[in-house]
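The values are calculated or read from the model by the stated rules, or taken from the named source; none is laboratory data. Just so it is clear, the model here is predicted, and its values are computed rather than measured. Quick reminder, even Gly has a Cβ in these numbers, built from the backbone with ideal geometry, and neighbours come from all protein chains shown. The accessibility values were calculated without ligands, DNA or RNA, using every heavy atom of the protein model including side chains. Shrake-Rupley method; radii C 1.70, N 1.55, O 1.52, S 1.80 Å.
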Amino acid sequence: MITLENWALIRRLAAEGEPKAKIAARLGISRTTVIKAVNSDSPPIYERKPAVTSFTAFEARVRALLVETPTMPATVLAERVGWTGSIRWFRDNVNRLRPEQQRIDPADRLTWVAGDAAQCDLWFPPKKIPLEDGTFKLLPVLVITPAHSRFMTGRMIPTRKTEDLLLGSWELIKQLGRVPRRLIWDNEPGIGRGKRHTSGIDAFMGTLATKLVLLPPRDPESKGVVERRNGWFETSFMPGRTFTSPADFNAQFTDWLALANQRIVRTVKASPVSRLDADLAGMLPLPPIPLHLGWRNRIRLGRDYYVRVDTNDYSVDPRAIGRVVDVTADLGRVRVKLDGRVLAEHARVWARGMVITDPAHRDAAAILRRQFQQPRLTPVGDDLTRDLADYDRAFGLTEGGH
């Protein structure tokens, strides 16, 4: 077989009119080889004939095992087929065969219709945020991105629990002013897994009249829009920034998003803000009724006059001890009500395991405690003498008997 260089030279010389016999003599090859090169439509391809190697006798058995278990390690395969030679040589041959047995999962190019879907995800900024008790913690940022416009919304939330995920989702949807027809999530525990939705999710989706889509495992392409933006946040928003609190993070992030949404997105050749109106036009209106979201509980107030929200305890007016009170909390406030009247209101604390006390509640408890410790006064009549017959009757004694 002639080389690629000789094939190209033969065709050039022949095109210049040089006789085939002279070309053969010049290159030291047969005239037949020159004729084949001139008449061929493609350059020569050298293909090595398969040779028998030490692996050949094991190849059929290895293929059969890979059909059953494509991910079986080469060391296990070697043990199963009785290989005693070089494990490196065996592994090279297994790596050659393995792609033939693996199942293929092609990724389609997705087209996002205006108003149809918004992709939802949690982004964890790689910097700990200072909390009320002086500790630092990595906190989640809920991000919702309508897929057609790529318009980015996001805010930091205290936890990944369902209550905070729904509160954050509603805040971001209100920022949009419309409801996407589908909210796409992967298997987030606070939202659901597979066909099972976490308690409260179906009521939230039903009130918004939208559809929840939980992606199957190993399907990153269906949520690639929001995940690419999460990576962009880390390279474009985070560098050089410091934060004093979650509120400071949210303020800086909101300001940055206002600028980021005006930048041209290469894949759609337009800025998210320029495509937002078309996206909103295809979405649903906000629900006409208020949503009752967040942390909600009804308990009987105990003697210690505190209620728990997540992991923190908040004080309540102690005069309500023994009464049934309603406890509600959103991302910013904790409220306790008795028959619709507010008994306590606190700023929600994002640190964990803290006790938050209103000084007025502590003072009221001290007054009630002093009153309880004072003995009750029993009214006494003017006549302090008692008829001795009263004692006889009390002990069952009469005048004539003992």
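Taking 1 over the mean of 1/r across every pair of different Cα atoms in region 242-340, what Kirkwood radius in Å do you get?
On the way: mean 1/r = 0.0559 Å⁻¹.
Evaluated on region 242-340, it is 17.9 Å.
How much mean residue ellipticity at 222 nm does the chain get from its helices, if each DSSP H run of length 4 or more adds -39500 (n - 2.57) and you divide by all residues, to the nearest 500 deg cm²/dmol?
Numbers: 13 runs with 143 residues, N = 402.
My calculation for the chain gives -11000 deg cm²/dmol from helical runs alone.
Mind listing the Cα extents of region 15-150 along all three principal axes, in Å, largest one first?
That gives 91, 53, 33 Å along the principal axes, largest extent first.
Compute, for region 239-317, the length of the dipole vector about the Cα centre, with Cβ point charges of +1 (Lys, Arg) and -1 (Asp, Glu) only. Units Debye, rounded to 20.
Details: 10 positive and 8 negative charges, 56 e Å.
For this selection, approximately 260 debye.
Tell me the relative contact order for the chain as a rounded percent, counting alpha carbon contacts under 8 Å between residues six or more apart.
Dividing the mean separation by the residue count of the chain yields 12 percent.
Got a sec? Charge dipole of region 57-138, +1 on Cβ for Lys and Arg, -1 for Asp and Glu; which of 136, 118, 77 is way out at the positive end?
Checking the options against the dipole of region 57-138, the answer is 77.
GNM, the chain, Cα, under 10 Å: largest mean-square fluctuation among 83, 350, 123?
Sorting by GNM fluctuation, first place goes to 83.
Percent relative contact order of region 175-282, based on C-alpha pairs within less than 8 angstrom and at least six residues apart? All intermediate terms of the calculation are to be shown ahead of the outcome.
Working: 75 pairs, mean separation 25.2, N = 108.
It comes to 23 percent, rounded to a whole number.
With +1 on the Cβ of every Lys and Arg and -1 on the Cβ of every Asp and Glu, and nothing else charged, how large is the dipole of the chain about its Cα centre, in debye rounded to the nearest 20? Let's see the in-between values first.
On the way: 61 positive and 46 negative charges, 479 e Å.
Result for the chain is approximately 2300 debye, rounded to the nearest 20.
To the nearest whole percent, what portion of all C-alpha pairs in region 204-270 is separated by more than 15 angstrom?
Working: 1531 of 2211 pairs.
So the portion of pairs separated by more than 15 Å is 69 percent.
Of 265, 94, 281, which is farthest towards the positive pole of the chain's charge dipole, taken about the Cα centre with +1 and -1 on the beta-carbons of Lys, Arg and Asp, Glu respectively?
Among 265, 94, 281, the one farthest towards the positive end of the dipole of the chain is 94.
Filter the trypsin sites (Lys or Arg not before Pro) in region 109-145 down to the DSSP loop ones having no more than 13 other Cβ atoms within 10 Å, then list what survives.
Working: sites: 109, 127, 128, 137; in loops: 109, 127, 128.
Counting only loop positions with at most 13 other Cβ atoms within 10 Å, the trypsin sites (Lys or Arg not before Pro) in region 109-145 are 109, 128.
If you put +1 on each Lys and Arg Cβ and -1 on each Asp and Glu Cβ, how big is the dipole of region 132-193 around its Cα centre, in Debye rounded to 20?
Working: 10 positive and 7 negative charges, 84 e Å.
It comes to approximately 400 debye.
So, taking all protein chains as they sit and a 1.4 Å probe, how much accessible area belongs to residue 148, in Å² rounded to tens?
40 Å²
Of (i) 124; (ii) 157; (iii) 364, which one was derived for volume of the Cα convex hull per residue in Å³ from the structure shown?
Comparing each candidate, only (iii) matches the computed number.
Would you please state the base-10 log of I(q)/I(0) at q = 0.12, 0.14, 0.20 1/Å for region 299-366, with intensities from the Debye formula using one equal scatterer on every alpha carbon?
-0.26, -0.35, -0.74
In this model, which of 174/337; 137/195; 174/223; 211/337; 137/269; 128/195 are farther than 28 Å apart at the alpha-carbon?
Table pairs above 28 Å Cα-Cα are 137/195; 211/337; 137/269; 128/195.
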